[in-house]
Each structure stands twice: as C-alpha cells, then as structure tokens.
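Working notes for the structure below.
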Number of protein chains: 2
Amino acid sequence: MRETYLLKIGNVIRELPLIQVSDNLKIASFVILGDTEIVTDAASIIAGKLPEADFLVTAEAKGIPFVHEVAKNLGMPRYIVARKSVKAYMERPLEKTVRSITTQAEQTLILDGPDAEALKGKRVVLIDDVVSTGESLRALEELVNDAGAEVVGRAAILAEGEAGDRNDLIFLGKLPLFPIDR
Amino acid sequence: MRETYLLKIGNVIRELPLIQVSDNLKIASFVILGDTEIVTDAASIIAGKLPEADFLVTAEAKGIPFVHEVAKNLGMPRYIVARKSVKAYMERPLEKTVRSITTQAEQTLILDGPDAEALKGKRVVLIDDVVSTGESLRALEELVNDAGAEVVGRAAILAEGEAGDRNDLIFLGKLPLFPIDR
C-alpha cells in the first residue's frame, strides 16, 4: 500500500506520497513544479502576508513558478532567480558557496551581475517552496547579503520538521517528518 | 558602448544585451526568468495559438514560469517539467540522453515516473522560452515519445536564427544571430 500524507493549502487538497530518504526517515514529497492550482492559491494567500520589499528572490528551480505568481500578485514587474551554475548569459556573476552544517555537502548559488547590482541597498524577501533544514535558504540569504541587500522577510509554502517552529519564516502549512521505527 | 537588440512582444519592449558566445558569434540575451510582464503577455498570446492537447511539457529551468502561465491561460491544472538530473522525489524516473549534432555534447532529461505514466497515449505540446538550434527541443521530444505520448505542437516565445524558418514551431517573434566580422 502506498503511504501518503494529506495536505490542504487554501482550497486545494493534495495527497503527498511518502518517500524514504535515508535508513531512518521518510518525508512527504511536495513538488509544486507542474501544479498550477496550488501555486496560484498559495501565492495569492502569501502575497498578503509579506512585508514591504523591493525585490523577491528565489533559488532555482522548484520555487520559480511560486515566486512568479507572488510577484504578479504584488504587481512587481521583476523578481530575481539565483542559479545553481554560471550561465552563458551572465555578466560579472556573483557566486557564493555554502557548506551544509549537517551533510558537509557544498552548495553554490549564483546571481547574474546586473541582478546583483540591482539588489544593492534594497529590501528583499526570500521565497522558497519548502523550507526544511533551512540551509538552502541560508545560502540564498548569504548570497543576497553579499550583493548588499537587506533580507526583510522569508516566505515558503510549507515549513517542514523543525522549520515549523521558526518565527522568522512566513509559511502556510507545516509538513511533518516521518521517522522510521526500526 | 553596450550593444543591444530591441525586442517587442505584445505590449512589452525589452532591450536585450548582445553577448559573445564564440569567436565569431554574438547572440541577443533573452532571459525570461524574473520578467513577470513578458511571461504573462507572451503566455496569453500563445495560449490562443496552440492545438488541443492533454499536457504541456517543458524542460527546466528557463521555460518554467512560461509553461505555468500558458497552463493557467488554458485552464490546465497540471503541466510537466523534465528535469536535468534525477531528484530525490522521483519514482521510477524515465531518462533520455541525446547527443548534440553540432557540439557532440550530451544532454540528459528526466521525467518522474508518475509523470511519464500520465503521458502515455496523450497529446503533448512542448513549451520553451527560445528555440535556436532545436536540439534541446528535440531531446525533450524524444523523451516524451519514449513515455508513449504524441507531440502535437511545439511552441516558444522566440525562434532564434534558422529556427525562425521552422513551420513546425509556433512562436511570437524572431531573434536574429549576430555574426562577428573579423
């Protein structure tokens, strides 16, 4: 039998499959890429909860449709996407590599130079789909700080595990972790 | 002096920077990631030009906000994104590696298993931001065919270089190439 977790965001209900990610842990798989409804609903709700800011910033790839919708809701013509590798179109890219506290894995995020320059001295809200350990969000925050911007808010559709206790994060729902008894 | 190319799509005008990509070629850099306006306008125009289909499919990452908007315009609750690497959330991923005719570089695209199964026997429109050599689109088409779907249309915001002569591609504007005289 397939194990699932029932999630409700706004008027949308999704049955999330549980997937095993390590010997002793399953997580509920929440993939917003491809889900027009949940992105549209969640964006319209969260847009009303954000502090005033000059730019929304996300990291590729799963948060992209969500940040696009939030920007539209706020009437913002532009948002900024940090990429995971340097692209041909980039000029003077600004790069940041952050080491994971828990896994020691390195994560690199990159801003196109003109985007980094646009951020200087500006107020930023960081946008993500799901915040769990918080390390991806921290990497994005350090990159945005390097560009000279101030992070005035952090928002995600869901907070997973201990991220559900954060009071510096705006989110619409909590996602439990599913430890495996052995 | 910065060289640029003036592009008009719907009611939106953008000054695209020319960037040098090889010894003898510059291209106009068109990056829709982060541009709420052009994505929204282009999607509403192109949605009216597409053949009837069961699914829209794109490859990450630049086409994601565009496919999201096109799906919304067509009232489609779901679309499908092929990823460039296997992700933790995937079950029974369907993988396709295609070798570039011109550069010999390999490109791998991956569908999550449930997405691949959903595509079986279905009509698909492929969505991209810019089609140039057509190789990325061909890789996506081969992957979608492997999943058992029929490609009934191909659409992009812009057709670059010789792609502007394609009659199997729906697009809103042509983007010239800029050869360098030496």
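The values are calculated or read from the model by the stated rules, or taken from the named source; none is laboratory data. Just so it is clear, the structure is predicted and the values come from calculations on it, not from any experiment. Neighbour counts are summed over all protein chains in view; Cβ atoms, including those assigned to glycine, are modelled from backbone coordinates with ideal geometry. Accessible surface is based on the protein model in full, side chains and every heavy atom, while ligands, DNA and RNA are left aside. Shrake-Rupley method; radii C 1.70, N 1.55, O 1.52, S 1.80 Å.
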On Cα atoms only, tilt of A:135-146 relative to the major axis of chain A in degrees:
10
Run down the lysines and flag those whose C-alpha is under 23 Å from the C-alpha of residue A:122, throwing out any fewer than 8 positions away in its chain.
A:49, A:72, A:84, A:96
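Write down the percent of antiparallel bridges among all DSSP beta bridges whose residues are both part of chain B, to the nearest 5.
Details: 20 of 39 bridges.
Taking every DSSP beta bridge with both residues in chain B, the antiparallel ones total about 50 percent.
Show A:133, B:36 ordered by accessible area, largest first, where the area counts protein heavy atoms only and the probe is 1.4 Å.
Values: A:133 90, B:36 10 Å².
The most accessible residue leads, giving A:133, B:36.
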Tally Lys/Arg at +1 and Asp/Glu at -1 over every other residue whose Cβ is under 9 Å from the Cβ of residue A:154; what's the total?
-2
Reach of residue B:26 by Cα under 23 Å, taken over lysines that are not fewer than 8 positions away in the same chain
A:87, B:8, B:62, B:174
For segment A:10-32 and segment A:34-94, what is the separation of their C-alpha centers, rounded to whole Å?
23
On the first, second and third principal axes, largest extent first, how far apart are the outermost C-alpha atoms of chain A in Å?
51, 37, 32
Mind ordering B:169-180, A:60-71 by average Cβ neighbours within 10 Å, highest first?
A:60-71, B:169-180
Quick check for me: using +1 on Lys/Arg Cβ and -1 on Asp/Glu Cβ, what's the dipole size of the protein assembly as shown about its Cα centre, in debye to the nearest 20?
160
Cβ neighbours within 10 Å, averaged per peptide: list B:104-114, A:25-35 in order, most packed at the top.
A:25-35, B:104-114
Hey, got the average number of other protein chain Cβ atoms within 10 angstrom for residues in B:32-41?
6
